[in-house]
Every structure is written in C-alpha cells, then in structure tokens.
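Working notes, structure below.
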Amino acid sequence: MDSSGIPRAFQDSMRRFGRKLAIDDMQTQIPMSLFCFDCLHANGDDLIDKPATERNAVMTALLPGHLIVPRLVTDRPDAAALFLRTALDTGHEGLMAKALLAPYEAGSRGASWLKIKVAHTLDLVVLAAEWGGGRRRGWLSNLHLGARSDAGFVMLGKTFKGLTDELLAWQTEQLLARACSDDVKGHVVTVRPELVVEVAFNELQTSSRYPGGLALRFARVIRYRDDKTAADADTIETVRTMAAKQRVVE
C-alpha cells in the first residue's frame, strides 16, 4: 500500500518477490501489508476440503477484521456491481467471485473462483506481426501494436490473443499486402501502419522495453476497425492519461 493506503500497482508489489539483493532497502521502499482471504489449517485441523463458507467462518473467528479481505455474499446484481465499483475506486484491480460450497483447490482456481475485472480498450495501429508456430504456422499471428504520436507511432506491446482461425487468415493476407519489404520470410514482418485494431487489456504498466514507457497487460484483440484509419487511432497522450488514472507508479 502507498502512504495514503491505496494499493500500489501489481508490478511494483512484485518487485518485492524473489529478491536476493538489497532486501532491506526494498522493504523500506515498498512496505507490504498483510491481508488474509482464506484459511486452510487452524487449531490442528486441515480445512482444504471444507466448503468456503466454513473456512471463512474459522478465519473470521481467528483474525481481527482489518486483516481480512472485504467480502460480500449477495444474490443482488446491483449490490455486487456496487461492491466492484468500490473495489476499483479504492485502487484494486477487481474482485474474485467464489463458489460458497467449493473446497480449496491448490494451484488452480477452476470454475469455483472467477476473476472479475473491468476491461479497458484502445484503438491501436498494427506496426508489424510475427509468424506463428505450432497450429498457427503459416499465419502472421503476434501483432506489434502502437499508439499515434506527433512523430509517428509508439509501440505499446504485442498480442496474439483473441484471434480466430478466420481472422488469422484474413489478417495474414491483409498484412502481407502491406509488408514494407519483399522479404517476408523473417520472423517479424514490418507493415505499413494502416490497419487499426480494437484491443482490450486489463491495465497499463510501466515498461523500459517500449519507448513510450508503458505496456499493455493481458492484451487481446476484439476486432479490426475497418471504419477507422491510422489517423483515427488513439494517441499516446490518451494512453498516458489512462495510465495516470490507473495509478501507474513511474
């Protein structure tokens, strides 16, 4: 948490994990707070196979309220929506919806735990694409995505997710027609920045890999925007404004 009690960005918290150097300094720079969301063993009893309601009851009896992640049990969609809105306004990424009677499944959420997030979207320009492997061999798959800027386009990341076989075939044909070189046998094919694609993503995070200093997290293709040209794509200024609202820490 930051000094005002707002959760820091996920990538900042992850800087604390797996460290071997400057551990004491990092503990001072990024202090962690304890929040408990489940109870697997208490008073000599294993609770992993018990239903979630029973595990939560034991945890609630053992711990003070400020150490337990806020929780709501409801069958009202409006109450659930308000709970999600409150979590987002507080700086969290979203919610986890859990089946009340399910046991704890170590290493896998399955259908008993569902992550609930609000996806953001941007209209970005395809700058290049990589030839796919495996069942995608022969298709241009992994897209290099960029936002518009005064100097051209600023790359924000890559994605191959959300593409159906039909879209892969169409995409390959369209991108090869826009290839900047006759030699398209290399792994990456650079194309004329003409095609606009709508991309959904969970959040923006800081990145030293890309010149804009930001990267898309969990990006996936929604659709190609045949109603837009590259001049209509979202700008890097728009992306930076979105990042600021998501409390991305520089």
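For segment 126-154, how many residues are aliphatic (A, V, I, L, M), farther than 15 Å from residue 201 by Cα and either out of contact with any His (no Cβ under 6 Å at 6 or more places or on another chain) or assigned to a helix (DSSP H, G or I) (or both)? Please lay out each step first, then the result.
Applying the first criterion (aliphatic (A, V, I, L, M)) to segment 126-154 yields 126-129, 140, 143, 145, 147, 151, 154.
If we keep only those that are farther than 15 Å from residue 201 by Cα too, we end up with 126-129, 140, 151, 154.
If we keep only those that are either out of contact with any His (no Cβ under 6 Å at 6 or more places or on another chain) or assigned to a helix (DSSP H, G or I) (or both) too, we end up with 126, 129, 140, 151, 154.
Here the count works out to 5.
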*Can you pull out the residues in segment 218-234 that are closer than 26 Å to residue 150 by Cβ and surrounded by 12 or more Cβ atoms within 10 Å (Cβ to Cβ)?*
219, 224, 225, 228, 229, 230, 232, 233, 234
*Single residue of segment 24-52 satisfying the filter (surrounded by 13 or more Cβ atoms within 10 Å (Cβ to Cβ) and part of a helix (DSSP H, G or I)) that is modelled with the lowest pLDDT*: 26
*Counting only residues that are surrounded by fewer than 16 Cβ atoms within 10 Å (Cβ to Cβ) and not in a strand (DSSP E or B), how many does segment 188-209 have?*
4
_Condition first: farther than 24 Å from residue 51 by Cβ and either modelled with pLDDT of 95 or more or not in a helix (DSSP H, G or I) (or both). Now tell me which residues in segment 82-99 satisfy that._
82, 91, 92, 93
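Select from segment 119-137 the residues that are of a type outside the set (Asp, Glu) and either farther than 19 Å from residue 173 by Cβ or free of Cβ contacts under 8 Å to residues at least 24 places away in the same chain (or both) and list them in ascending order. Reasoning before the result, please.
Narrowing segment 119-137 to residues of a type outside the set (Asp, Glu): 119-122, 124-129, 131-137.
119, 120, 121, 122, 124, 133, 134, 135, 137, listed by residue number.
Taking only segment 1-53 into account, find how many residues are hydrophobic (A, V, I, L, M, F, W, C), within 26 Å of the chain's Cα centre (by Cα) and within 20 Å of residue 64 (Cβ to Cβ). Give the derivation first.
Within segment 1-53, the subset hydrophobic (A, V, I, L, M, F, W, C) is 1, 6, 9-10, 14, 17, 21-23, 26, 30, 32, 34-37, 39-40, 42, 47-48, 52.
Right, trim to within 26 Å of the chain's Cα centre (by Cα) and you get 1, 6, 9-10, 14, 17, 26, 30, 32, 34-37.
Checking the rest, the ones that are also within 20 Å of residue 64 (Cβ to Cβ) come to 1, 32, 34-37.
Total meeting the criteria: 6.
The values are calculated or read from the model by the stated rules, or taken from the named source; none is laboratory data. It should be emphasised that the depicted structure is a prediction, and the values quoted were computed from it without experimental measurement. Quick reminder, even Gly has a Cβ in these numbers, built from the backbone with ideal geometry, and neighbours come from all protein chains shown.
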